[in-house]
1. If you go through region 82-91 one residue at a time, do you hit one that is modelled with pLDDT under 85, open to solvent by 20 Å² or more (accessible area, probe 1.4 Å), of a type outside the set (A, V, I, L, M) and farther than 26 Å from Tyr479 by Cα?
2. Pick from region 589-605 the residues that are open to solvent by 50 Å² or more (accessible area, probe 1.4 Å) and not basic (Lys, Arg): which of them is nearest to Phe556 (Cα to Cα)?
3. Against the conditions (1) small (Gly, Ala, Ser); (2) assigned to a strand (DSSP E or B); (3) farther than 30 Å from Leu478 by Cα, where does Ala525 fall short? Just the number, please.
4. Of everything in region 547-571, what is of a type in the set (A, V, I, L, M) and open to solvent by 30 Å² or more (accessible area, probe 1.4 Å)? Give them in sequence order.
5. So which of Arg190, Arg212 ends up being touching a helix residue (DSSP H, G or I) at 6+ places or on another chain (Cβ under 9 Å), without any contact (Cβ under 8 Å) to a residue 60 or more places away in the chain and open to solvent by 30 Å² or more (accessible area, probe 1.4 Å)?
6. One residue is enough: does region 490-505 have a residue meeting the conditions among the aliphatic types (A, V, I, L, M), open to solvent by 40 Å² or more (accessible area, probe 1.4 Å) and either out of contact with any helix residue (DSSP H, G or I) (no Cβ under 6 Å at 6 or more places or on another chain) or within 24 Å of Arg428 (Cα to Cα) (or both)?
7. One residue is enough: does region 245-258 have a residue meeting the conditions in contact with a strand residue (DSSP E or B) (Cβ under 6 Å, 6 or more places away or on another chain), modelled with pLDDT of 95 or more and either of a type in the set (Phe, Trp, Tyr) or open to solvent by 60 Å² or more (accessible area, probe 1.4 Å) (or both)?
8. Looking at (1) farther than 21 Å from Asn258 by Cα; (2) among the aromatic types (Phe, Trp, Tyr); (3) over 27 Å from the mean Cα position of the chain (by Cα), can you tell me which one Phe297 breaks?
Amino acid sequence: MIRIITLLTGLFLTTGFGSVSGQNEVPAGNLSGVIIEQATQQSIPGANVVIMELDRGASSGIDGTFLFEGIPAGIYTVEISFVGFRSRTLTDIVVRGNRTTSIEVELREQVIEGDEVTVSAGYFHRSGTETVSDGKGSWLLSVRRSYLDLIADAINAGGAPRYGDMQAKGGYDIDQNNKITLLQIYGDSRFSNDIESAIEDGFQTVPDFRNRQNTTGMNWRRISSDRTYFNSSISWSFTHQQLENIFVDDESIDLTYNNRHDYLNVRHLHYHRAGDHLRFELGGDFTYACGKFEYYFAPFTNEAGVERPEVERELGKEQVTGELFGTAIIRPVESLTINAGTRVGYNHLNEQLTLSPRLAASYDLNRRLTLNAAAGIYRQDLSLYIRSQQSHFDDLKDPYSVHLIAGFDYLLGNATKLSVEVYDKQYRNLTIQPAGYSDGLPEYVLDSQTFFDDLTDRGEGYARGIDLMLHRKIKDGLYGTISGSFFRSRYRDFSGEWQNREFDVEYLLSAIGGYRPNQKWEFSARWTYIGNRPYTPFDLERSSAAGQAILDGTRFNRESLPAFHSLYVRFDRRIFMNRATITTFFEMWNAYNRSNVEAIYWNQNTGAPDEYHQFSVLPVGGFTIEF
């Protein structure tokens with residue numbers, strides 16, 4: 001039975017195209033790369049490159065490139081260092097048989113001896129830093145497809161989505177100073193429930209939801225001199241969401257929407273180093289956005305007990321936004337770096353011209369301790385879905401936030417780093433419902449997918465908290481990260497009352513770790529704990545009388561669901577072949593079978609509140625084939 005589950009739950013195929021060397025009895029490949037300075041994009045000759053597991057070293061050539069040949073297929077840790085620059089350690093670099101794996105490494109100027117940056121990835125978070133090289137170019141193609149919904153249904157583990165994605169990346173070095181990079185990312189997910197299960201569980205409606213996202217882009221990097229380079233990019237993205245919600249009793253439509261956003265973005269960044277202590281970044285960002293929105297709401301009594309008429313719309317909206325930005329990177333003394341800049345933006349719909357100054361500083365107190373601080377204004381475009389609903393919504397101002405951040409990084413040892421960050425974010429121009437037009441619930445408009453009669457931009461809110469992370473890079477086969485976030489996120493509603501946002505869970509804890517005893521086996525685990533997830537309780541008397549859910553608006557998001565926590569464990573087995581690497585894996589989701597409450601809903605069968613639970617323990621397996 002486990003074998004069947006393993007074959008059905010996931011199929012992941014990753015393919016790289018590049019030059020192929022001759023057939024070898026023992027799988028071996030090559031590792032190549034280029035070392036460049038982060039600030040100028042100039043190549044760094046003479047940098048030291050070491051493959052830690054093999055104790056093999058090399059130096060980059062005059063053009064910053066290096067090459068290791070005859071590397072046994074496997075997963076390696078690569079350390080890069082050069083005098084005057086921060087060392088970097090890359091983990092999970094996969095070398096495949098009869099292939100050349102290519103990496104590009106940027107080094108940052110070092111201030112105090114002993115600083116090091118580690119880029120790592122366990123098997124819950126893969127790095128994606130390596131591609132397959134064919135000399136002047138590198139290529140990567142990845143296609144994944146999951147069938148978790150079939151297995152979840154088969155073993156009655158609860159609802160699970162079906163999803164898939166595709167990623168393609170290609171780079172070509174026109175010459176030493178010019179490089180073109182192409183990128184394609186596509187994702188597709190779908191979640192649906194059947195009417196029989198919905199009736200059995202007492203749901204009033206049943207959803208069928210599909211979400212598709214895509215980004216296609218190209219970037220041109222040109223190095224003009226040893227002091228100047230630029231990046232120019234163009235990209236097209238879209239999101240397409242479709243939902244059909246039907247009543248289970250007569251299968252009539254409750255609501256539907258078919259919403260699509262398209263974005264065309266052009267960006268240019270020009271960098272210039274004026275001297276050893278002063279650098280400039282100047283650029284511009286232009287975005288054309290268009291949306292098409294089709295939605296239907298049947299006449300209904302909403303969860304506030306307010307009668308709403310039938311709504312049917314087929315709308316479109318276009319928007320042009322642009323930004324000019326500039327940043328000065330100043331290093332007045334060796335241990336202090338200051339970034340000072342601003343952005344000037346314009347939105348053609350509300351004809352709003354905005355200024356967003358920002359300031360950040362980093363101070364290396366000693367070789368172990370770095371202090372960080374930042375402040376600035378950050379802006380967010382109001383979604384076209386909201387602007388399309390009423391003509392006067394074009395005049396709504398875009399929301400913005402004022403950030404204040406302070407923290408530090410402390411190296412506890414050669415393999416362990418502690419990071420702490422405290423932040424306060426004040427939100428202004430939030431879009432809210434005016435009191436006279438409210439549907440009865442003070443919901444956070446930017447999180448909503450409903451239809452509004454009127455809105456105002458006079459709302460405010462805040463988010464403040466502290467983030468902590470303890471990270472251990474891979475050493476002696478062990479690696480791991482422990483992180484915690486403690487925060488509050490609230491907003492002021494149309495009546496002037498402060499409300500908890502839907503995601504105001506107050507604290508998040510996470511632990512990810514693993515052990516790799518050799519090149520063939522890896523064992524890893526991830527544990528997550530989510531605290532006080534807010535929800536609005538039902539008005540029991542009104543709900544019973546109406547025969548449907550009516551929420552108690554006086555206690556909006558004032559109750560908390562039971563804490564969510566779950567353990568995921570995973571085992572990987574790799575087989576390195578002459579022209580391919582096969583990795584089989586087995587995961588156990590919700591390994592200790594925690595009965596996590598996803599939501600509280602009104603059970604139509606019992607006429608009382610009930611709990612909707614996430615999936616129970618779920619075995620997941622599959623394999624990857626990497627050519």
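1. Checked region 82-91: at least one residue is modelled with pLDDT under 85, open to solvent by 20 Å² or more (accessible area, probe 1.4 Å), of a type outside the set (A, V, I, L, M) and farther than 26 Å from Tyr479 by Cα.
2. Within region 589-605, the match that is nearest to Phe556 (Cα to Cα) is Glu598.
3. So Ala525 meets the others, but not (3).
4. Leu567, Val569
5. Residue meeting the stated conditions: Arg190.
6. Within region 490-505, not a single residue is among the aliphatic types (A, V, I, L, M), open to solvent by 40 Å² or more (accessible area, probe 1.4 Å) and either out of contact with any helix residue (DSSP H, G or I) (no Cβ under 6 Å at 6 or more places or on another chain) or within 24 Å of Arg428 (Cα to Cα) (or both).
7. No.
8. Every listed condition holds for Phe297 apart from (1).
The values are calculated or read from the model by the stated rules, or taken from the named source; none is laboratory data. Predicted, not measured: the structure shown is a model, and the values here were computed from it. Note: ideal-geometry Cβ built from the backbone for every residue, glycine included; neighbour counts use all protein chains shown. Ligands, DNA and RNA are stripped out before the accessible areas are found, and what is left, the full protein with its side chains, is counted by its heavy atoms. Shrake-Rupley method; radii C 1.70, N 1.55, O 1.52, S 1.80 Å.
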